[in-house]
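Input: a single structure, listed below in structure tokens.
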Amino acid sequence: MNTIVPHVAETDRLRLAPGVMLRNDRRRGQWMLMAPERLLVLDEMALAIVRACVGPEIGDVAAGIDRLTVEYDAPRTEVAADVLEMLTDLRNKGYVVT
Amino acid sequence: MSCALPAFAAATRNDPAPPFAVLMELTHRCPLRCPYCSNPVALDSASAELDTATWKRVLDEAADAGALQVHFSGGEPCVRKDLEELVAHATEIGLYSNLITSAVLLDRPRLERLQRAGLQHVQISLQDAEAAGADRVGGFKGGHVKKLEVARAVVAQGLALTINAVLHRHNIDRVNDVIDLAMDLGAGRIEIANVQYYGWALANRAALMPSREQLLAMDAAVRARLPELAGRIVVDYVVPDYYARRPKSCMGGWARRFMNVTPRGRVLPCHAAETIPGMAFETVHDRSLSDIWRDGQAFTRYRGTDWMPEPCQSCDHKEEDWGGCRCQALALTGSADATDPVCELSPAHADVAVLRNHDAAALDSVWTYRGA
């Protein structure tokens, strides 16, 4: 039986996967997640989400969503939906782990 | 929100965006003798290999050219005693280091030294899910057990681990076992890599080609598992060329993302490019990697889409697959300029099926091990 892996939840604590690091490439003027044999270019919003929600010092995802809600002065439900979708995508692509 | 590599598309033929990574084949020496080795049939000797100082200069030039990652590869890169020194140098100049290895020469102390030097990621090849078959393919007794031991050490140390599982007639039926093994080892990523027929593999094609039934069973097994694997292990699944209907985007497009430096210092757009006749390759002794990347003859020849014949030229997919693979076009049609015949739009596509069916039926064909 196959089971679909659930979405990232607000109670999850996320960190970058082994071998993944946040880097700024000055030459290209881009932030990226550098990873084994690949990389992911982050736009401004993706960078803000990674900074707010990923890392051992962050706490759970809910705390990151709270911060982003204040920072962007947006409805929390909308912020949460966007953040969880993006973090699930990053988790499924192996850039972050719980 | 975010996407992979959008800003890395080659701008024009002679004014390309910088490369993403440089593959450094430090040596062709290897204790394993896999019959599908991607190294050229004519191997560079140890005495021809670049020395430490030259490799460091090449690393500097890779960073100058804008590369972000270096893949230390081979042959078996761990035969080089200066591997730690080269990784440390790469780290110092801001390059992300990947080690592509058979793992049989690695142990915990050396892994620790490499990690201290800044290594981020280790890719270990497995020849099968079980020792007898794996050691027979690798031609190296005890290799499989050693690989598993090193793979566990890689994970225990907190380094990223990729398992590279090369599939062919003799192990393709165990694809599920290979995936299970990779997960048990704690790999973050698995490459399910059906043999690509270049170099030694091309010479051994009749001994390696799986049957259509094997292929379909493997494909169904992998696709059925992908949903449950999401978020647990990253799967890079290379569909076997000879059974495909569309060509792969080989190297992400010729001279768009990667450069390759051979043990003796030749600078190539891909590791099999030396098979293409009439192509002039520069070496690290001739010009800098930046210069070679920008307008080296071998790099500009198939960069972008200008070179493409029909049916590629008017195809909607031409900036997705970049015309497929030049070396495969050469191997199968005799011309590197041709549409990759893996594509069903190629006039030579039917020939691929004939070759494939012929080789898949050659069940008593015996492979030749890679030379030393």
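The values are calculated or read from the model by the stated rules, or taken from the named source; none is laboratory data. Keep in mind the model is a prediction, meaning the values are calculated, not measured. Reconstructed Cβ throughout: ideal geometry from the backbone, glycine too, with neighbour counts over all protein chains shown.
Worth pointing out:
- When every residue of segment B:280-288 is checked against the conditions, at least one turns out to be within 25 Å of B:Leu43 (Cα to Cα), among the acidic types (Asp, Glu) and in a loop (DSSP other than H, G, I, E, B).
- Conditions (1) touching a Phe, Trp or Tyr at 6+ places or on another chain (Cβ under 8 Å); (2) closer than 29 Å to A:Val96 by Cα: number failed by B:Ile163: (1)
- The residues of segment B:308-366 that are among the hydroxyl-bearing types (Ser, Thr, Tyr) and closer than 17 Å to B:Tyr198 by Cβ, listed by number, are B:Thr333, B:Ser335.
- Scope segment B:64-81; condition closer than 20 Å to B:Gly94 by Cβ, touching a Lys or Arg at 6+ places or on another chain (Cβ under 9 Å) and either free of Cβ contacts under 8 Å to residues at least 40 places away in the same chain or in a loop (DSSP other than H, G, I, E, B) (or both); matching residues: B:Ala65, B:Gly66, B:Leu68
- The selection criterion, being part of a helix (DSSP H, G or I), touching a helix residue (DSSP H, G or I) at 6+ places or on another chain (Cβ under 8 Å) and either among the acidic types (Asp, Glu) or within 28 Å of B:Glu191 (Cβ to Cβ) (or both), does not hold for A:Ala80.
- Entry remark, segment B:230-245: residues being over 21 Å from B:Val195 (Cα atoms) and modelled with pLDDT of 95 or more number 1 in total.
- Of all residues in segment B:253-268, those that are within 13 Å of B:Trp55 (Cα to Cα) have Cβ atoms under 7 Å from Cβ atoms of residues that are at pLDDT 95 or above and charged (D, E, K, R), 6 or more apart or on another chain, in B:Asn260/B:Glu25; B:Val261/B:Glu25; B:Thr262/B:Glu25; B:Pro263/B:Glu25; B:Pro263/B:Glu49; B:Arg264/B:Glu49; B:Val267/B:Glu282.
- Leading residue by the ranking (nearest to the chain's Cα centre (by Cα)) among those in segment B:97-120 that are more than 20 Å from B:Leu32 (Cβ to Cβ) and buried (at least 20 other Cβ atoms within 10 Å of the Cβ): B:Ser97
- Pairs with Cβ under 6 Å, 6+ apart, first in segment B:151-178 and over 18 Å from B:Cys34 (Cα atoms), second charged (D, E, K, R) and surrounded by fewer than 19 Cβ atoms within 10 Å (Cβ to Cβ): B:Ala153/B:Arg108
- Qualifying residue in segment A:25-48 (condition: within 13 Å of chain B (Cβ to nearest Cβ), of a type in the set (Phe, Trp, Tyr), under 11 Å from the mean Cα position of the chain (by Cα) and surrounded by 13 or more Cβ atoms within 10 Å (Cβ to Cβ)): no
- Tally, over segment A:52-98, of residues that are surrounded by 15 or more Cβ atoms within 10 Å (Cβ to Cβ), within 14 Å of another protein chain (Cβ to nearest Cβ) and closer than 19 Å to A:Gly19 by Cβ: 11
- Selected residue (criterion: farthest from B:Val178 (Cα to Cα)) from residues of segment B:107-132 that are out of contact with any helix residue (DSSP H, G or I) (no Cβ under 7 Å at 6 or more places or on another chain) and without any contact (Cβ under 8 Å) to a residue 40 or more places away in the chain: B:Arg116
- Elements of the type helices (runs of 4 or more DSSP H) sitting completely within segment B:124-222 and holding at least 2 residues that are under 20 Å from the mean Cα position of the chain (by Cα) and within 14 Å of chain A (Cβ to nearest Cβ): these cover B:175-185.
- Residue tally, condition farther than 25 Å from B:Val87 by Cβ and modelled with pLDDT of 95 or more, over segment B:1-46: 3
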